[in-house]
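So the structure is just underneath, and the comments pick up after that.
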Amino acid sequence: MTAQMIDGKRIAADIRAEVAERARILSARGVRPGLGVVLVGDDPASQVYVRMKTRACEEAGIHARDIKPPTDIGQPELLAIVDELNADPAIHGILVQLPLPGHLDEREVTERIDPSKDVDGFHPVNQGRMSQGDPDAFRPATPAGVQELIRRTGVETSGAHVVIVGRSNIVGMPMSQIMLQKEPGANATVTVAHSRTADLGAVTRQGEILIVAVGRPGIVRGDMVREGALVIDVGVNRVDDPSAARGYRLVGDVDFDEASERASWITPVPGGVGPMTIAMLLRNTVMSAERTPSAAEVGAAASG
Ligand code: GUN
């Protein structure tokens with residue numbers, strides 16, 4: 001079998017166009033969606049991601065407020081920035097780019113974000129509500145984007161065996177919760193494998209849908225893929241390539257050429273899951289703004 005490619009770039013562009021339309025309707029109501037983006041320090045990869053996110057916001061009619069504290073900012077000062085964004089009525093979503101420098105407490109910062117503005121879906125309140133099936137809980141952008149890619153292939157997920165490789169708080173863990181939900185595009189039987197899993201191939205070969213989010217190039221080889229599986233590769237890894245202009249190229253966690261011979265569907269890297277992460281973040285931000293009454297609506301409610 002030769003796999004069909006899942007075009008994340010095109011699907012993400014469709015979602016971004018839908019978001020832009022929703023932002024336009026909101027602006028006409030007097031609510032301009034706003035996202036506060038906090039990037040601590042000068043990690044080059046984080047700088048690239050944040051630039052892509054803020055550019056995508058502006059294209060979709062979402063105001064992005066960039067805050068870039070220095071690497072040596074203290075925990076109280078960072079918490080004060082979060083407090084200020086929590087209190088700002090022009091801000092509907094807050095994103096603190098992770099990872100934070102080692103001296104900062106990520107958990108405390110994440111938990112300081114008002115859950116109603118937690119468009120990253122990392123706050124324990126949102127993670128807990130999502131696990132309990134609350135449709136209004138913000139879902140983390142990357143796993144939500146993966147589910148959307150799977151939905152749009154038309155492959156049946158109900159009763160299917162989904163194998164997830166990776167158990168991070170950002171992808172693997174919430175991915176498993178999403179695929180367990182009683183909803184279209186989920187209702188699956190879920191297995192989560194990870195770095196301690198014995199005989200990883202024996203587990204991944206059971207997956208009718210295989211989602212890999214480890215961050216290790218080539219951890220899944222072709223012979224670890226079930227014939228006819230739908231394969232989603234979340235990994236983005238730089239590998240040296242002297243023939244490339246930048247001296248490196250991006251590859252996923254799955255050996256793409258080998259897996260394509262066995263899978264029915266597969267995501268490329270780049271151009272698969274990556275663009276979906278940004279699109280779903282924008283969708284969460286607009287969703288948050290839609291829950292906010294406009295100044296005129298607040299006034300009308302107050303007067304009677
Ligand atoms: N670092 C890697 N992915 C993400 C993400 O989706 N959100 C944030 N805030 N940081 C990240």
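The values are calculated or read from the model by the stated rules, or taken from the named source; none is laboratory data. As the structure is a computational prediction, the values presented were derived from the model and not from experiment. For neighbour counting, all protein chains shown are included, and Cβ atoms are generated from backbone atoms with ideal geometry for every residue, glycine included. Keep in mind that these areas ignore ligands, DNA and RNA; they rest on the heavy atoms of the full protein, side chains included. Shrake-Rupley method; radii C 1.70, N 1.55, O 1.52, S 1.80 Å.
Here are the numbers for this structure:
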{"read-out": "Cα-projected label distance for ARG152 with ASP42, points at 7 Å along beta-carbon direction, nm", "value": "3.7"}
{"read-out": "Normalised contact order of segment 130-240, rounded percent, pairs of Cα under 8 Å and 6 or more residues apart", "value": "25"}
{"read-out": "Computed accessible area, HIS194, all protein chains, 1.4 angstrom probe, square angstrom", "value": "60"}
{"read-out": "Global form of the chain, assessed from the alpha-carbon gyration tensor, a/c cut-off 1.5", "value": "prolate"}
{"read-out": "Percentage relative contact order, segment 1-128, counting C-alpha pairs under 8 Å, at least six apart", "value": "25"}
{"read-out": "For segment 14-96, the fraction of alpha-carbon pairs in successive 5 Å shells from zero, as %", "value": "3, 14, 22, 21, 19, 11, 6, 3, 0"}
{"read-out": "Segment 94-133: GluC sites (Glu not before Pro) falling in loop per DSSP and having at most 14 other Cβ within 10 Å", "value": "none"}
{"read-out": "Between 0 and 90°, nearest 10: helix 273-290 axis offset from the chain longest Cα axis", "value": "30"}
{"read-out": "Heavy atoms of TYR49 accessible to a 1.4 Å probe, total area in Å² rounded to 10", "value": "110"}
{"read-out": "Overall Cα dimensions of segment 143-230 - principal axes, largest extent first, Å", "value": "31, 29, 19"}
{"read-out": "Backbone HN-Hα couplings from phi across segment 142-151 [Karplus 6.51/-1.76/1.60, Hz, Gly and Pro as x]", "value": "5, x, 4, x, 4, 4, 5, 4, 5, 3"}
{"read-out": "Net charge dipole size for segment 190-283 [Lys, Arg +1 and Asp, Glu -1 on Cβ; Debye, nearest 20]", "value": "360"}
{"read-out": "Potential lengthening between THR191 and ASP240 on full extension [0.36 nm per residue; Cα-Cα distance subtracted]", "value": "14.4 nm"}
{"read-out": "In segment 134-221, trypsin sites (Lys or Arg not before Pro) in a DSSP loop with at most 10 other beta-carbon atoms within 10 Å", "value": "LYS182, ARG196"}
{"read-out": "Cleavage-rule hits, GluC sites (Glu not before Pro), segment 211-291, DSSP coil, Cβ neighbours within 10 Å at most 16", "value": "GLU227, GLU261"}
{"read-out": "Cβ charges +1 (Lys, Arg) and -1 (Asp, Glu), total dipole of segment 71-142, debye", "value": "300"}
{"read-out": "Global form of segment 77-130, assessed from the alpha-carbon gyration tensor, a/c cut-off 1.5", "value": "oblate"}
{"read-out": "Relative contact order computed over the chain (Cα-Cα under 8 Å; 6+ residues apart), in percent", "value": "23"}
{"read-out": "Cα centroid separation - segment 1-68 against segment 259-297, whole Å", "value": "9"}
{"read-out": "Charge dipole magnitude, Cβ of K and R +1, D and E -1 - the chain, Cα centre, debye nearest 20", "value": "480"}
{"read-out": "Over segment 29-148: Kirkwood hydrodynamic radius from C-alpha pairwise inverse distances, Å", "value": "14.9"}
{"read-out": "Accessible area in square angstrom per residue, the chain, 1.4 angstrom probe", "value": "46"}
{"read-out": "Helix-only mean residue ellipticity at 222 nm for the chain, each DSSP H run of n ≥ 4 adding -39500 (n - 2.57), per residue, nearest 500", "value": "-12500 deg cm²/dmol"}
{"read-out": "Alpha-carbon gyration tensor eigenvalues x 5, square-rooted, for segment 48-89, Å", "value": "23, 15, 5"}
{"read-out": "Label-to-label distance, nm, for residues given as ALA301 and SER131 (7 Å Cα→Cβ offset)", "value": "3.1"}
